[in-house]
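S.K.: Pasting a structure here, questions to come.
Every number in this text was worked out from the coordinates using simple rules, so none of it is lab data. A quick note: this is a predicted structure, and the numbers were derived from the prediction, not measured. Heads up, the Cβs are rebuilt from the backbone with ideal geometry, glycines too, and the neighbour counts pull from every protein chain shown.
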Amino acid sequence: MNKSVTKAIFPVAGLGTRFLPATKSVPKEIMTLVDRPLIQYAIDEARAAGIKEFIFVTSRGKSALEDYFDMAPHLEAELRKKDKVDLLAELKSTNMDSGAIAYIRQQRALGLGHAVWCARRLVHNEPFAVILPDDVIAAEKPCLQQMVEAHAETGGCMVAAMEVPPEKASSYGVIDIKEDLGSVVSVNGLVEKPKAEEAPSNLAVIGRYILTPQIMRNLNKIKSGSGGEIQLTDAIDAELREGRDVFGYRFQGQRFDCGSKAGFLQATVAFGLAREDLHDEFDGYLRKLMTMQTAAQ
Ligand code: UTP
């Protein structure tokens, strides 16, 4: 049995330029899918996977994120007074245990690998998860939970993997597969953002990782990879070159790229339709909209 994973790093220090001007003052992770900020989906997924310590790598202008996890005593008192029991329960479910959250600053946005490295002193000698909150995954069993269960068997490093069409490969890290075992694939190499014709497979890495502490030591050594940023992919690739195991995990579920406008809109529609309290009205509206558009064409 491999060591359990109880710590997760949430790198949220990126500039979020694809959502400017909104991200001038609103952190991307606070943007809401229906009525919950992106970060709440990530936290819920981590909790379901057994994560107990939540490490946020933040940057200037992200104080709204820290406030979000604070208690809201005035709001709670007001809801209690008005007997709004359901809302109160909803609000309380977002509270975090004292001491469960740590914040580390990434002073300059030098890439995902660098953001993860900033948390090195909080990880100690244990495997840890990395969750990118702008990848939102709708799944019966939360994605990280699926991975933690698989990782208990495999050990090593594990990345979430998803099939993508070849023309999309250049937006991802792509897996060179050593052996395909179904849900789990063993990895030969990782290629960051390859051209379509050079992609070693159609299996792309998305924003969930379980990593060994050795990754932090690899990041120590890496100065800069592709694009001048310090890439997490390079630190994982270094594990392979040293002969250690890296696995891809084909998760069950649907991933939405909420770091892009189109992905965020798709997620809004999917999560809106999935909500019992909104489904009928929203579904009716979308159908009407489609009919009107078809008629206009
Ligand atoms: P993205 O590539 O989506 O970058 O980062 P971004 O800055 O958030 O957004 P755009 O591309 O400018 O619109 C993927 C994840 O890595 C984090 C981001 O916060 C996001 O969760 N990240 C990225 C950092 O924490 N630090 C960095 O230096 C880069």
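S.K.: Mind checking the alpha-carbon convex hull of segment 208-290 and giving the volume per residue in Å³? The partial results should precede the final answer.
M.R.: On the way: hull volume 12.3 nm³, N = 83.
Normalising the Cα hull of segment 208-290 by residue number yields 148 Å³.
S.K.: Still on this model: Assuming a ≥ b ≥ c are the square roots of the Cα gyration tensor eigenvalues, decide whether segment 128-223 counts as rounded (a/c under 1.5), prolate (otherwise, with a/b larger than b/c) or oblate.
M.R.: Details: a/c = 1.44, a/b = 1.15, b/c = 1.25.
Here segment 128-223 falls in the rounded category.
S.K.: Given the C-alpha centroids of segment 52-72 and segment 113-169, what is the distance between them in whole angstrom?
M.R.: Segment 52-72 and segment 113-169 have Cα centres spaced 20 Å from each other.
S.K.: Still on this structure, please answer the following. Could I have the simple spin-label model distance between residue 60 and residue 92, label points 7 Å from Cα toward Cβ, reported in nm to one decimal?
M.R.: 4.0 nm
S.K.: Which percent of Cα pairs goes in each bin when the distances of segment 66-122 are cut into 10 angstrom slices starting at zero?
M.R.: 19, 33, 23, 17, 7
S.K.: Here's another thing I want to ask about it. Once you have a ≥ b ≥ c as the square roots of the Cα gyration tensor eigenvalues for segment 5-86, tell me rounded if a/c is under 1.5, and otherwise prolate or oblate according to whether a/b is larger than b/c.
M.R.: On the way: a/c = 2.04, a/b = 1.25, b/c = 1.63.
Oblate shape, in that a/c is at least 1.5 and b/c is the bigger or equal ratio.
S.K.: Using Cα springs under 10 Å in a Gaussian network model of the chain, which residue among 228, 61, 263 shows the largest mean-square fluctuation?
M.R.: Largest GNM mean-square fluctuation: 228.
S.K.: What nm value, rounded to one decimal, do you get for the distance between residue 6 and residue 244 when each label is placed 7 Å out toward the C-beta?
M.R.: Here the modelled spin labels are 2.1 nm apart.
S.K.: Return 33, 91 ranked ascending by Cβ neighbour count within 10 Å, so the fewest neighbours appear first. Could you put the intermediate results ahead of the total?
M.R.: Working: 33 18, 91 15.
So the residues, fewest neighbours to most, are 91, 33.
S.K.: While we're on this one: Roughly how many nanometres apart are two label points built 7 Å out from the Cα toward the Cβ at residue 296 and residue 78?
M.R.: Going by the 7 Å Cα→Cβ label model, 3.8 nm.
S.K.: Counting C-alpha atoms alone, how compact is the chain: give Rg to one decimal and Dmax as a whole number, in angstrom.
M.R.: 20.0, 63
S.K.: What is the sum of charges around residue 52, taking Lys and Arg as +1, Asp and Glu as -1, for the other residues whose C-beta is under 10 Å from the C-beta of residue 52?
M.R.: Working: positive: 7, 47; negative: 53, 97.
Around residue 52, the surrounding residues sum to 0.
S.K.: I've got another one for you. May I ask you to compute the full-extension gain from residue 105 to residue 270, defined as 0.36 nm times their residue separation minus their alpha-carbon distance, rounded to one decimal in nm?
M.R.: Working: separation 165, 0.36 × 165 = 59.40 nm, distance 3.33 nm.
My answer for the length gained is 56.1 nm.
S.K.: Using θ = phi - 60° and the Karplus relation 6.51 cos²θ - 1.76 cosθ + 1.60, list the HN-Hα couplings for segment 93-98 in order, rounded to whole Hz, with x at every Gly or Pro.
M.R.: Result, ordered by residue: 5, 8, 5, 10, 4, 4 Hz.
S.K.: Hand me the GluC sites (Glu not before Pro) from segment 69-151 located in a DSSP loop with no more than 16 other Cβ atoms within 10 Å, in residue order please. Could the numbers behind the result be given before it?
M.R.: Working: sites: 76, 78, 90, 140, 149; in loops: 140.
Here the GluC sites (Glu not before Pro) that fit, given the DSSP loop and packing criteria, are 140.
S.K.: Here is the link list: 82/288; 7/84; 62/193; 221/261; 28/52. Which ones come out longer than 32 Å on Cα distance?
M.R.: 82/288; 7/84; 221/261, as the Cα separations exceed 32 Å there.
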